């Protein structure tokens with residue numbers, strides 16, 4: 001590959017939102033440059049490819065997003081346009097378990113959220129290895145005075161989502177809170193190819209990091225723990241109900257079940 005130095009992204013592997021965001025970044029890098037390998041190295045995710053992280057983020061943040069069903073504001077499939085050409089619809093999947101990972105519900109508009117997170121990444125601060133840790137208030141691209149709440153893939157949001165945990169209801173007080181746009185956007189992408197492994201317990205899943213360079217075609221097997229290799233580590237998390245109505249969910253932090261070599 002033309003670029004000898006891989007893209008490096010700082011990641012907390014116990015945050016499932018960040019983990020699957022890395023999978024999403026890898027997916028889009030492979031589609032942009034047609035050849036890429038990815039792996040975890042300590043607290044970084046590495047992508048060997050012919051481009052750079054700033055190039056990837058700039059391309060992603062400017063690419064057209066298409067709501068494939070204009071009549072469905074809350075659950076329409078989404079197309080990420082060229083040069084990526086990727087359809088996102090895993091939340092409709094009953095057979096492989098994608099539907100069980102859907103965190104949004106009610107009046108939350110999935111396309112509006114995804115587009116807002118995408119356009120927030122046009123800021124230069126997202127072109128660094130710390131892009132998954134960038135937090136800011138996200139606004140609707142069509143109404144810059146109106147904030148947009150995230151999907152709740154980022155596990156840092158979950159423990160502070162329920163009023164019983166923080167002592168009051170942030171939404172009722174119309175508080176403005178920060179989101180992690182890169183985590184929310186790229187996690188939605190990563191789950192299209194890579195679903196965590198079910199555990200037999202409702203809404204509880206396992207995923208695995210891997211320590212050897214792999215092409216994107218092997219990423220689902222690695223995430224599900226079907227590959228035996230050095231650097232493999234297993235994590236378990238819950239897609240937790242974050243409201244009393246038991247509709248809206250959030251990814252909680254994962255517990256490490258094994259350590260990589």
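If you go through segment 84-99 one residue at a time, how many are closer than 18 Å to residue 150 by Cα and surrounded by 17 or more Cβ atoms within 10 Å (Cβ to Cβ)? The number of residues fulfilling the criteria is 3. Taking the criterion of being closer than 18 Å to residue 114 by Cβ, buried (at least 19 other Cβ atoms within 10 Å of the Cβ), in contact with a strand residue (DSSP E or B) (Cβ under 8 Å, 6 or more places away or on another chain) and in contact (Cβ under 8 Å) with a residue 12 or more places away in the chain, would at least one residue in segment 48-58 satisfy it? Yes - at least one qualifying residue is present in segment 48-58. Of the strands (runs of 3 or more DSSP E) lying entirely inside segment 13-104, those containing at least 3 residues that are closer than 14 Å to residue 186 by Cα span 78-80, 86-88. The single residue among 81, 17, 38 that is touching a strand residue (DSSP E or B) at 6+ places or on another chain (Cβ under 9 Å), loosely packed, with under 14 Cβ neighbours inside 10 Å and modelled with pLDDT of 95 or more turns out to be 81. Tally up the residues in segment 219-261 that are buried (at least 16 other Cβ atoms within 10 Å of the Cβ), over 19 Å from residue 187 (Cβ atoms) and either free of Cβ contacts under 8 Å to residues at least 12 places away in the same chain or under 17 Å from the mean Cα position of the chain (by Cα) (or both), please. Within segment 219-261, residues that are buried (at least 16 other Cβ atoms within 10 Å of the Cβ), over 19 Å from residue 187 (Cβ atoms) and either free of Cβ contacts under 8 Å to residues at least 12 places away in the same chain or under 17 Å from the mean Cα position of the chain (by Cα) (or both) number 0. Mind listing just one residue for me: the one in segment 199-218 that is outside any loop (DSSP other than H, G, I, E, B) and touching a helix residue (DSSP H, G or I) at 6+ places or on another chain (Cβ under 8 Å) and, of those, surrounded by the most Cβ atoms within 10 Å (Cβ to Cβ)? By that ranking, first place goes to 208.
The values are calculated or read from the model by the stated rules, or taken from the named source; none is laboratory data. Remember, predicted model here, so these are calculated numbers, not experimental data. Positions of Cβ are backbone-derived with ideal geometry, glycine not excepted, and every protein chain shown enters the neighbour counts.
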